[in-house]
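Here the structure is laid out as structure tokens; the discussion comes afterwards.
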Amino acid sequence: MNKHFNVLFLCTGNSARSIMAEAILNGKRDPRFTAFSAGSHPAGRVHPAALAQIAGVGLSTGGFRSKSWDEFAGPGAPPMDFVFTVCDHAAAEVCLIWPGHPRTAHWGIADPVFRTREETARAFREAYNLLERRIDAFLALPFDSLDDAALLAELKRIGDA
């Protein structure tokens, strides 16, 4: 397969889960995929604990910023092949109509941000690990042999795991 896929991870604030998902997928260095992240109501900053978790596993933290999903819906934006919501709020919101009609799925992850100071590192580590397991399962899919219905079923299965 020579197809290249753009993947957008969405969350409300684009400060933690979606940022970590972008870092994980791009950190896999799979030439078939480029990851992006955005939020419906960007927080304006990346949560320091998200950056600490990303750095703690040896990935670069450079270039991350909290940004609006509008950046990926207008003219000149890279066309998306997959759009994953990673928080419950973004899944329940009225989502944009994405150009090109990418495949979408909800991969809900508990919000690690609203925790006590003592719970924060553990919550970010757990969110990161769950995202990584789902992304690994996504990368292992036999894209060449799945029709759209089967692919959507697999994306849902991954999100439910």
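Derivation of every value follows stated rules applied to the coordinates shown; laboratory data play no part. Computed from a prediction, not measured in an experiment: that's the story for all the values here. With ideal geometry, Cβ positions are generated from the backbone for all residues, glycine too; neighbour counts draw on all protein chains shown.
What order, most packed first, do the peptides 16-23, 144-151 have when packing is the mean number of other Cβ atoms within 10 Å of each residue?
16-23, 144-151
Using θ = phi - 60° and the Karplus curve 6.51 cos²θ - 1.76 cosθ + 1.60, what whole-Hz ³J(HN,Hα) does each residue of the stretch 67-74 get, with Gly and Pro shown as x?
Along the stretch 67-74, the couplings run 9, 7, 5, 4, 4, 10, 10, x Hz.
Quick one: which of 48-58, 68-78 comes out on top by average Cβ neighbours within 10 Å, and what's the full order, highest first?
48-58, 68-78
Once you wrap a convex hull around the alpha carbon atoms of the chain, what is its projected area averaged over all directions, in nm²?
Value for the chain: 9.2 nm².
With a point put 7 Å past each Cα toward its Cβ, work out how far Arg45 is from Arg117 in nm, to one decimal.
Inter-label distance under the simple model: 1.6 nm.
Between Thr34 and Thr61, what length comes free when the chain is fully extended (0.36 nm per residue of separation minus the Cα-Cα distance, one decimal in nm)?
8.1 nm
So if each residue of separation counts as 0.36 nm, and I subtract the Cα-Cα distance between Glu126 and Lys156, what length gain in nm does that give?
The span from Glu126 to Lys156 would gain 8.8 nm if fully extended.
Measure nothing fancy, just the Cα-based angle from helix 148-160's long axis to the longest principal axis of the chain, in degrees from 0 to 90, nearest 10.
20
Can you work out the Karplus-derived ³J(HN,Hα) for every residue in the stretch 106-122? Use 6.51 cos²θ - 1.76 cosθ + 1.60 with θ = phi - 60°, whole Hz, and x for glycine or proline.
In residue order, the calculated couplings are 9, 10, x, 10, 4, 6, x, 6, 8, 10, 5, 4, 5, 8, 4, 4, 5 Hz.
With angles folded into 0 to 90 degrees, how steeply does helix 17-27 sit against the dominant principal axis of the chain? Use alpha carbons for both and round to 10.
Tilt of helix 17-27: around 60 degrees.
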